[in-house]
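Chemist: Take a look at the following structure, please.
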Amino acid sequence: MKFLAIIFLIIIVLTSCSGGFDPPEGKSVFRYNEAAGITSLDPAFARDQANMWACNLLFNGLVQLDDDLNVKPAIAESWSVEESGRIYVFKIRQDVFFHNWEGFGSPNGRRVTADDVVYSLKRVLNRETLSPGAVWLSEVLQSDSSGFAIRAVGTDTVVMVLQKPFSAFLSRLSMPYFSVVPHEAVDFYGADFGRNPVGTGPFRFSMIKEGVKLVVLKNENYFEFDGQNRLPYLDAVSVSFIIDKQTAFLEFIKGNLDFLSGIDPSYKDELLQSDGSLNPKYNSQLYMLSKPYLNTEYLGFMMDSSLLKRDSPIRLLKIRQAINLGFDRVKMMRYLRNNVGYPGVAGFIPPGMPGFIADTVNGYGYNPQKAAQLLAEAGFPNGKDMPVITISTTASYIDLAKFMQQQLGKLGIPIEMDIHQPASLRQMVANGRIPFFRGSWIADYADAENYLALFYSKNWSPNGANYTHFNNPAFDALYEKAIVETNDSIRQSIYFKLDKMVTDQAPFVVLYYDEVLRFVQKDVKGLGINSMNMLDLKRVQKLPESSVKH
């Protein structure tokens, strides 16, 4: 087996100069494309999906999420919660080893200990690291003059102390930022660790060529099992970096890529029928997986009157509600998105969130009669004398904005559009310079608190993610109660109340809740799907290359 692995590696190295990857016969290789490229394989910087997917192949944290977004053990085999939720004690598995690396001086890698966990978390928290993940721990961990309260007890126990109970703590720990890394490799490579990663994951790093390909190989000593079988099943994963999505789509159709994530407008009508189902012409080649995505697409209203013009109609609750009621989201989804996603007629928390119950929060369906009534009550019957309302959006949202403009125009609500580059729009929104703006919120972790935090007054932008500057003392008090509540059912009921409270005040217009779509070649088995859209290839099986026709 070692001889075959060496031959396998030599072939990869020899073909990497041209960007090719021709595996030995009988080896199973999973191929996917990453149009955005991968900026770093250091989990401390796993901020976007491309980096997170790659780091998920190479690293593990203390905990992980299953496909239903339940927190499960990973490097921690178990944990206990003490002092009413303030202290977490993690028991570390004794069979987890870092990938083989010459710096360890051992052919079998090095065993992970509690000290490695403490080192990895404190590295993220260290300001000199500049990890975007630091804030997720620093705001909840207790700290003093000696630093954050994370310590190792012996070789197999890690203790963390929080400032106060925080119900979403374990969900936060599942974020890739908090993966375990070896200090020896980080010290040796320094800033280049992100191009020379050493982890504990189901696959180990082989090579990366900028703009061409990433290749990772099976970790023969991986600690997780599927019944009696050691994971992973695949021999390798090959990630290409084809920028043009149409080209990548053609490679997928030719069978040179094993799965396609999401749906791009350039091939939406080719793959999908109008009802959102797979085009029958591909039934013999592909299958489709779908699941609610923890992504709420919305328009946000600035609620801070000091940042609005005196005559701005969006100051008025009835105008914000009229806009919410004045366009048909069901029709919008059918004609503009092939029914990919769900009309935004409930609250801000999307379906797919653990504990979410459809229709628990009544939002805004299409009701032009009620919208017209609200306009009249607000002093603008049929929109008479109403100042123009501008939607600041990006080019990718023009079709949705035009749809709203047309339908709201029938009620007399004058809508104009201001198109920005995405980066420019994000900056202006964060600085409170736009009254009515396009936004989307993709969950950072699988807890509804992550969505409700957008309306907590202490999170006002630019210092937090409360871009609407929503401010409601009753909401704040209930939010603070929810995040320390350790009983899941009680906390969930509070979350629903909070979602209803903010929805009634209409600081946003929910357009739709997104959907994860995966198109998969039929020779691929075991590829799951989850509402965080995380890619987990540990249990994927694929026919060997010699059995696959390309």
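The values are calculated or read from the model by the stated rules, or taken from the named source; none is laboratory data. Note that the structure is predicted; figures quoted are calculated from it, not measured. Cβ atoms come from the backbone with ideal geometry, glycine included; neighbour counts cover every protein chain shown.
Chemist: I need the full set of residues from the range 518-531 which are hydrophobic (A, V, I, L, M, F, W, C) and surrounded by 23 or more Cβ atoms within 10 Å (Cβ to Cβ), in order please.
Modeler: Residues of the range 518-531 hydrophobic (A, V, I, L, M, F, W, C): 519-520, 524, 527, 529.
Within the range 518-531, PHE519 is the sole residue that qualifies.
Chemist: VAL509 - would you say it is surrounded by 18 or more Cβ atoms within 10 Å (Cβ to Cβ), under 28 Å from GLN421 (Cβ atoms) and touching a Leu at 6+ places or on another chain (Cβ under 7 Å)?
Modeler: On the way: surrounded by 18 or more Cβ atoms within 10 Å (Cβ to Cβ): yes; under 28 Å from GLN421 (Cβ atoms): yes; touching a Leu at 6+ places or on another chain (Cβ under 7 Å): yes.
The answer is yes for VAL509.
Chemist: I'd like to verify a number: residues in the range 220-241 that are out of contact with any Lys or Arg (no Cβ under 8 Å at 6 or more places or on another chain) and assigned to a strand (DSSP E or B), how many?
Modeler: 3
Chemist: A follow-up question, please. Is one or more of the residues making up the range 150-164 in the same structural domain as LYS91 (by TED's automatic domain parsing), surrounded by fewer than 21 Cβ atoms within 10 Å (Cβ to Cβ) and of a type in the set (Gly, Ala, Ser)?
Modeler: Step one: list which residues in the range 150-164 are in the same structural domain as LYS91 (by TED's automatic domain parsing), which gives 150-164.
Of the ones still in play, those that are also surrounded by fewer than 21 Cβ atoms within 10 Å (Cβ to Cβ) are 151-157, 159, 161-164.
Retained after the next criterion (residues that are of a type in the set (Gly, Ala, Ser)): 152, 154.
Yes: the range 150-164 contains one or more residues that are in the same structural domain as LYS91 (by TED's automatic domain parsing), surrounded by fewer than 21 Cβ atoms within 10 Å (Cβ to Cβ) and of a type in the set (Gly, Ala, Ser).
Chemist: Using the structure shown, decide if VAL117 is within 24 Å of ALA168 (Cα to Cα), touching a strand residue (DSSP E or B) at 6+ places or on another chain (Cβ under 6 Å) and touching a residue at least 40 places away in the same chain (Cβ under 8 Å). I'd like the intermediate steps shown before the answer.
Modeler: Details: within 24 Å of ALA168 (Cα to Cα): yes; touching a strand residue (DSSP E or B) at 6+ places or on another chain (Cβ under 6 Å): yes; touching a residue at least 40 places away in the same chain (Cβ under 8 Å): yes.
It is true that VAL117 is within 24 Å of ALA168 (Cα to Cα), touching a strand residue (DSSP E or B) at 6+ places or on another chain (Cβ under 6 Å) and touching a residue at least 40 places away in the same chain (Cβ under 8 Å).
Chemist: Within the range 52-68, can you find the residues that are in contact with a Phe, Trp or Tyr (Cβ under 9 Å, 6 or more places away or on another chain) and either farther than 22 Å from ASP116 by Cα or in a loop (DSSP other than H, G, I, E, B) (or both)?
Modeler: TRP53, ASN60, GLY61, LEU62, listed by residue number.
Chemist: Given the condition of a type in the set (Val, Ile, Thr), at pLDDT 95 or above, on the phi < 0 side of the Ramachandran plot and over 27 Å from the mean Cα position of the chain (by Cα), answer yes or no: does some residue in the range 159-178 qualify?
Modeler: In the first step, residues of the range 159-178 are kept if they are of a type in the set (Val, Ile, Thr); the result is 159, 161.
Remaining after also requiring at pLDDT 95 or above: 159, 161.
Remaining after also requiring on the phi < 0 side of the Ramachandran plot: 159, 161.
This time we only want the ones that are over 27 Å from the mean Cα position of the chain (by Cα), so: 159.
For the range 159-178, residues of a type in the set (Val, Ile, Thr), at pLDDT 95 or above, on the phi < 0 side of the Ramachandran plot and over 27 Å from the mean Cα position of the chain (by Cα): present.
Chemist: Then there's this: With respect to LYS500, is the statement that it is in contact (Cβ under 8 Å) with a residue 40 or more places away in the chain, surrounded by fewer than 19 Cβ atoms within 10 Å (Cβ to Cβ) and under 30 Å from ASN256 (Cα atoms) true?
Modeler: Details: in contact (Cβ under 8 Å) with a residue 40 or more places away in the chain: yes; surrounded by fewer than 19 Cβ atoms within 10 Å (Cβ to Cβ): yes; under 30 Å from ASN256 (Cα atoms): no.
Criteria not met by LYS500.
Chemist: What is the one condition in (1) part of a loop (DSSP other than H, G, I, E, B); (2) surrounded by 14 or more Cβ atoms within 10 Å (Cβ to Cβ); (3) of a type in the set (D, E, K, R) that GLU77 does not satisfy?
Modeler: (1)
Chemist: Evaluate the range 102-112: report whether one residue or more is at pLDDT 95 or above, within 13 Å of SER179 (Cα to Cα) and of a type outside the set (D, E, K, R).
Modeler: Yes - at least one qualifying residue is present in the range 102-112.
Chemist: Also: Please list, ordered by residue number, the helices (runs of 4 or more DSSP H) wholly in the range 113-219 having 1 or more residues that are within 27 Å of ALA236 (Cα to Cα) and in contact with a Pro (Cβ under 7 Å, 6 or more places away or on another chain). Let's see the steps before the verdict.
Modeler: Numbers: elements: 114-125, 134-138, 169-173, 183-189.
Of the helices (runs of 4 or more DSSP H) lying wholly inside the range 113-219, those with at least 1 residues that are within 27 Å of ALA236 (Cα to Cα) and in contact with a Pro (Cβ under 7 Å, 6 or more places away or on another chain) span 114-125.
Chemist: Would you confirm, using the coordinates I've provided, whether ASN196 is surrounded by fewer than 22 Cβ atoms within 10 Å (Cβ to Cβ) and at pLDDT 95 or above? Steps first, please.
Modeler: On the way: surrounded by fewer than 22 Cβ atoms within 10 Å (Cβ to Cβ): yes; at pLDDT 95 or above: yes.
Yes.
Chemist: Could you please find all residues in the range 417-460 being of a type in the set (Lys, Arg) and surrounded by fewer than 21 Cβ atoms within 10 Å (Cβ to Cβ)? Even if it seems obvious, please write down each step before you answer.
Modeler: Step one: of the range 417-460, the residues of a type in the set (Lys, Arg) are 426, 433, 438, 458.
Result: ARG426, ARG433, LYS458.
Chemist: Further question: Filter the range 242-266 down to residues that are among the charged types (D, E, K, R), in a loop (DSSP other than H, G, I, E, B) and surrounded by fewer than 18 Cβ atoms within 10 Å (Cβ to Cβ), then give me how many there are. So that I can check it myself, show each step before the final result.
Modeler: Initial filter on the range 242-266 (among the charged types (D, E, K, R)): 244-245, 251, 254, 258, 264.
With in a loop (DSSP other than H, G, I, E, B) added as a condition, the list becomes 244, 254, 258, 264.
Cutting the leftovers down to surrounded by fewer than 18 Cβ atoms within 10 Å (Cβ to Cβ) gives us 244, 254, 264.
Total satisfying the criteria: 3.
Chemist: Count, please, the residues in the range 501-514 that happen to be charged (D, E, K, R), outside any helix (DSSP H, G or I) and either modelled with pLDDT under 95 or under 20 Å from LYS318 (Cα atoms) (or both). Before you say what the answer is, go through the steps one by one.
Modeler: Residues of the range 501-514 that are charged (D, E, K, R), as a first pass: 504, 514.
In the following step, the residues that additionally are outside any helix (DSSP H, G or I) were identified as 514.
Pick out the ones that are also either modelled with pLDDT under 95 or under 20 Å from LYS318 (Cα atoms) (or both) and you get none.
Qualifying residue count for the region: 0.
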